[in-house]
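Derivation of every value follows stated rules applied to the coordinates shown; laboratory data play no part. As the structure is a prediction and not an experimental result, all values here were calculated from the model. FYI the Cβ positions are ideal-geometry reconstructions off the backbone, even for glycines, and counts take in every protein chain you see.
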Amino acid sequence: MEREDGVYYGDYLQLDKILNAQKPKSEIDGVAAHDEMLFIIVHQAYELWFKQMKHEMESIVSIMTKPTINENSADIYMVVHRLKRIISIWELSIKQVDVIETMTPLDFLDFRDFLRPASGFQSYQFKMLEAMMGLRFKDRHGKDFYQKHLRPIHIENIAEIEKQPSLIELVNNWLERMPFFSDQYWKGYKQSNGNIELDHPFWNDYKNAYANTLTPEESKNLEGFDLLFFDEEFNVKRRLSPKANRSALFIMLYRDYPLLTLPFQLLDSLLEIDELMSTWRTRHISMVLRMIGSRIGTGGSDGAAYLKASRDKHYIFNVIADMNSYLIERSRLPKLTSSLQSRLGFRS
């Protein structure tokens, strides 16, 4: 017998609110525009997924804010797990473009004028998510357009988020705390060459090994190596410090050790999120070109051109991708000391 005070499916999900939240403007104005319902539902679904990604990102930022995080702990596992959930949501969001593209350009024209001056640009949840990850106002494309088309309360909300440590900043702090180069792990290390250019024998060996992999056309990469991993002034305006860059590269190089598996997955997940967001924007660009060609957007932007510029400028974790230019084959890697190998193998 069902309890009278039991939870009811429709009540729990508040379906009355959700299913009555679609109010096509064309219907109100007595114009036939069948596909406006699809347009509304697809965009409402996007906003729900943005809300879920924000929910995940808030928890990730909270964990990463801790002053210490054990690389073999529930904390680091949870960060990776929730980043992978965000990845799955972005993959679904890209596929969702397929649904909106069942609408033809003529179908869209049936109701497009009713949308003005609203625009997907006004998705403040999406901009909050970007800010949480680390996209700063000063780095945004079209800042004047941004200020003009968002409501003041939403601009304030996003600005408040930007005052807090972002995910990329917290990742920098986490990487800087990595103890890989504490003296205790390098006792007895035998440098394989006489180069003493850098402060640590491992990096002298690694730079030499890296130099031996370069073609003549890549010789300038050695200068980039010194700048990225050892020049504080060069990295002032970048999102990761030289120390953090060295830790990130070390994690990528020795990711097969058990203790570095989750840290590597964390870094790799950030790169995947950047890539998927770029792919989503690219699909959006293609859809806009298909739907309206070279016409301006309903919000007044220059349409596809604006979207292209945003896509190219709004990468957040590309500083991590920079490390991939400085990888070498596993067979060339300097051999770690037995004490460090033991630490990385959970046998400390």
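Dividing the Cα radius of gyration of the chain by its Kirkwood radius returns 1.06 for Rg/Rh. In straight-distance terms, cross-link reach from K66 covers every one of the aspartates and glutamates whose alpha-carbon lies under 16 Å from its own, apart from those fewer than eight places away in the same chain; here that gives E58, D75, E169, E176.
Scoring 308-318, 149-159, 181-191 by mean Cβ neighbours within 10 Å over their residues and listing the highest first yields 308-318, 149-159, 181-191.
Highest average first, the peptides 270-282, 135-147 ordered by how many other beta carbon atoms sit within 10 Å of their residues are 270-282, 135-147. Within 15 Å, Cβ to Cβ, of S88, how many net charges do the neighbouring residues add up to if Lys/Arg are +1 and Asp/Glu are -1? Residues near S88 contribute -1 overall.
Kirkwood hydrodynamic radius of the stretch 1-158, from the reciprocal of the average inverse Cα-Cα distance over all distinct pairs: 19.0 Å. Straight Cα distances below 18 angstrom link K187 to the lysines K335, with same-chain residues fewer than 8 positions distant left out. Quick one: of K127/K313; K143/K308; K17/K148; K237/K313, which pairs are farther than 22 Å apart, Cα to Cα? Correct reply: K17/K148. The fraction of all Cα pairs in the stretch 213-277 landing in successive 10 Å bins from 0 to the largest distance is 19, 36, 39, 5, given as whole percents.
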